[in-house]
Amino acid sequence: MFQVELQQLGKRFNREVIFKDLDYTFFQGKFYAITGSNGSGKSTLLQIISGFLLPSKGTVHYSSEEQVVEAEKVYRHLSLATPYMELIEDFTLYELFDFHFKFRDPRPGYPVDKIIDTAYLTPARDKYVKNFSSGMKQRTKLALALFSASDIVLLDEPTTNLDKQGIRWYRDLLEELNSPLVIVASNQEEEYEGCDEVINIEDYK
């Protein structure tokens with residue numbers, strides 16, 4: 001059982017308080033949403049949980065099976081998909097997935113070709129990522145995150161640039177892969193409908 005515990009967490013940029021005094025524990029197997037208006041700090045909190053940003057105050061504790069996971073080793077346990085995440089665009093789609101899964105294990109039963117097929121990207125298997133549409137790139141990011149064998153999956157505005165078919169695919173996939181801890185940062189209800197708990201970041205101003 002993987003857990004993420006936030007203790008008196010706070011973040012400020014210069015003199016602006018983004019959020020403060022945030023105490024919360026996330027548990028594996030649950031689906032959480034971080035909500036709030038644009039610019040309220042949703043993405044900032046997600047980046048702190050991922051270890052990409054440091055908090056201004058407070059701590060983030062990670063544990064697996066009641067054993068402490070050191071912050072520098074958390075990357076082994078998590079996957080992340082965000083609009084600001086860059087893909088290696090000089091790779092073909094297959095090369096990108098093949099490269100990614102040299103460093104991360106895929107979910108059991110999902111070799112690279114099956115992942116590409118499940119993401120409806122088989123026709124683009126040998127095309128360069130730099131030639132993809134924005135929707136295809138977003139499906140690629142989500143597939144990399146959701147099909148990695150991770151204890152925690154962090155998703156920031158996951159349906160950005162997706163059409164109706166892409167949104168249905170995302171929602172169906174999220175229901176199928178319900179074993180990890182999933183945290184979605186969004187102010188679009190369709191991205192987190194059916195989640196177990198909602199944290200409104202604006203409650204911590």
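The values are calculated or read from the model by the stated rules, or taken from the named source; none is laboratory data. The structure displayed is predicted, hence computed values, not measured ones. Reconstructed Cβ throughout: ideal geometry from the backbone, glycine too, with neighbour counts over all protein chains shown.
Just one of the listed residues (Ser79, Ser56) is closer than 16 Å to Lys141 by Cβ, of a type in the set (S, T, N, Q) and in contact with a strand residue (DSSP E or B) (Cβ under 9 Å, 6 or more places away or on another chain), and it is Ser79. Of the residues making up the range 123-137, one or more are closer than 27 Å to Ser37 by Cα, surrounded by 14 or more Cβ atoms within 10 Å (Cβ to Cβ) and not small (Gly, Ala, Ser). As a summary of the residue check, Tyr94 satisfies the conditions (1) within 24 Å of Glu157 (Cα to Cα); (2) at pLDDT 95 or above; (3) out of contact with any strand residue (DSSP E or B) (no Cβ under 8 Å at 6 or more places or on another chain) except for the one numbered (1). In the range 121-205, counting only strands (runs of 3 or more DSSP E) that sit wholly within it, the ones holding 1 or more residues that are over 20 Å from Ser79 (Cβ atoms) and touching a Phe, Trp or Tyr at 6+ places or on another chain (Cβ under 9 Å) span 197-200.
Can you confirm whether the range 54-71 contains a residue that is basic (Lys, Arg) and modelled with pLDDT of 95 or more? So far as the range 54-71 goes, yes, one or more of its residues are basic (Lys, Arg) and modelled with pLDDT of 95 or more. Scanning the range 139-160 finds no residues that are surrounded by fewer than 19 Cβ atoms within 10 Å (Cβ to Cβ), free of Cβ contacts under 8 Å to residues at least 40 places away in the same chain, out of contact with any strand residue (DSSP E or B) (no Cβ under 7 Å at 6 or more places or on another chain) and of a type outside the set (A, V, I, L, M). Within the range 49-104, being closer than 21 Å to Arg12 by Cβ, surrounded by fewer than 16 Cβ atoms within 10 Å (Cβ to Cβ) and of a type in the set (A, V, I, L, M, F, W, C) holds for Phe52, Leu53, Leu54, Ala71. When Phe13, Phe27 are checked against the criterion of being surrounded by fewer than 19 Cβ atoms within 10 Å (Cβ to Cβ), free of Cβ contacts under 8 Å to residues at least 12 places away in the same chain and among the aromatic types (Phe, Trp, Tyr), a single residue qualifies: Phe13.
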